[in-house]
1. Of all residues in segment 136-151 being β-branched (Val, Ile, Thr) and outside any strand (DSSP E or B), which is least open to solvent (accessible area, probe 1.4 Å)?
2. So is Leu116 over 19 Å from Gln220 (Cα atoms), assigned to a helix (DSSP H, G or I) and of a type in the set (A, V, I, L, M) or not?
3. Out of curiosity, is Asp70 within 29 Å of Gly210 (Cα to Cα), among the acidic types (Asp, Glu), modelled with pLDDT of 95 or more and in a loop (DSSP other than H, G, I, E, B)?
4. Could you list, in sequence order, all residues of segment 162-188 that are open to solvent by less than 10 Å² (accessible area, probe 1.4 Å) and touching a strand residue (DSSP E or B) at 6+ places or on another chain (Cβ under 8 Å)?
5. Right, Pro107: over 28 Å from Ile153 (Cα atoms) and open to solvent by less than 50 Å² (accessible area, probe 1.4 Å) or not?
6. Cβ-Cβ distance below 7 Å, separation of 6 or more or different chains: which pairs start in segment 187-210 with a residue that is under 16 Å from Tyr144 (Cα atoms) and aromatic (Phe, Trp, Tyr) and end on one that is assigned to a loop (DSSP other than H, G, I, E, B) and open to solvent by less than 50 Å² (accessible area, probe 1.4 Å)?
7. Give me the residue from segment 21-45 that is open to solvent by less than 10 Å² (accessible area, probe 1.4 Å) and not aliphatic (A, V, I, L, M) and, out of that set, farthest from Trp204 (Cα to Cα).
Amino acid sequence: MAVFEIRRGTSPVILSFPHTGTDVPAPIWQRLNDNGRLLADTDWHIHELYEGLLPEATTVRATIHRYVVDANRDPQGVSLYPGQNTTGLVPETDFDGTAIWQEGEGPTDADVTARLRDFHAPYHAALATEIARVKAIHGVAVLYDCHSIRSHIPFLFEGKLPDFNIGTDMGRTCAPAIEAAAVECAAKAAGYSHVLNGRFKGGWTTRHYGRPEDGVHAIQMELAQSTHLATEAPPFALDAAKAERLRVHLKAILERIETKACDIKRIGSEA
């Protein structure tokens, strides 16, 4: 079973997809309960949504489902949001706080160790390699971490989530010009709402790789699934009309970020 897929490009921008995978090895699948087998917390269709928007961008996509091991969590198990509800490195529950494993079949310490070795580590080794390759070409790399989540999840947040949720760990993971590029394009997207460093401030991937002082910039985009799904419930089908409207704005964001990355390379400082 493949752990990840890579498509190499020549742009300074790298798109990462840690949560679109739906592969679950059979021995692990057998331990999930009926609720877990819905795979409800997948970032449904996100890799399709971004397809072709920035043709020369490199893409790195995890194929393993986040219930096996979450590629966007600290391998040490440290919480991204201390004091707030969230799911862990190998989740015990879904985003509603409901169990996903059969009785007595939850992940053990040995399971976590094995899944880190077999799935989490190879994905991040591949991602780190692509970041280094792109930076060697351009002198700068921008990691754009692609996500989506249901717009209403009381267990995680109150009310309705904004459409575009931009995370830079309070500006720590990228140059101000990269952050501003995403925010300004989102603000111009008529009919859509946005927030910077709201409930989602950037996951472990963004925080781990974002080192603007070293020429590696990282930014997370968490999309409310109401922007592109026909319904935020099984079968989680993509709404083609919604998707096409949204793709126009995602393309604008990516192109603006790419331009800013080239500016940073050209002048050797923040654009």
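1. Val140
2. Numbers: over 19 Å from Gln220 (Cα atoms): yes; assigned to a helix (DSSP H, G or I): yes; of a type in the set (A, V, I, L, M): yes.
When the stated conditions are applied, Leu116 passes them.
3. yes
4. Residues satisfying the conditions are Phe164, Asn165, Ile166, Gly167, Thr168, Thr173, Cys174, Ala175, Ile178, Ala182, Ala186.
5. On the way: over 28 Å from Ile153 (Cα atoms): no; open to solvent by less than 50 Å² (accessible area, probe 1.4 Å): yes.
When the stated conditions are applied, Pro107 does not pass them.
6. These pairs meet every condition: Trp204/Asn72; Trp204/Arg73; Trp204/Asp74; Trp204/Leu80.
7. The first filter runs over segment 21-45 and keeps only residues open to solvent by less than 10 Å² (accessible area, probe 1.4 Å), leaving 21, 32, 36, 41-43.
Filter once more, so that each one left must be not aliphatic (A, V, I, L, M): 21, 36, 41-43.
Numbers: Gly21: 18, Gly36: 23, Asp41: 17, Thr42: 17, Asp43: 16 Å.
Per the criteria, the residue is Gly36.
Yes or no, residue by residue, for (1) farther than 19 Å from Ile153 by Cβ; (2) touching an Asp or Glu at 6+ places or on another chain (Cβ under 9 Å); (3) among the hydrophobic types (A, V, I, L, M, F, W, C):
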position	(1), (2), (3)
Arg199	no, yes, no
Tyr209	yes, yes, no
Val216	yes, no, yes
Leu223	no, yes, yes
Ala230	no, yes, yes
Leu250	yes, no, yes
Glu258	yes, yes, no
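The values are calculated or read from the model by the stated rules, or taken from the named source; none is laboratory data. Remember, it's a predicted structure, so these values are computed and weren't measured experimentally. Because the Cβ atoms are built from the backbone with ideal geometry, glycine has one as well, and the counts that use them run over all protein chains shown. For accessibility, only protein heavy atoms count, side chains too; no ligands or nucleic acids. Shrake-Rupley method; radii C 1.70, N 1.55, O 1.52, S 1.80 Å.
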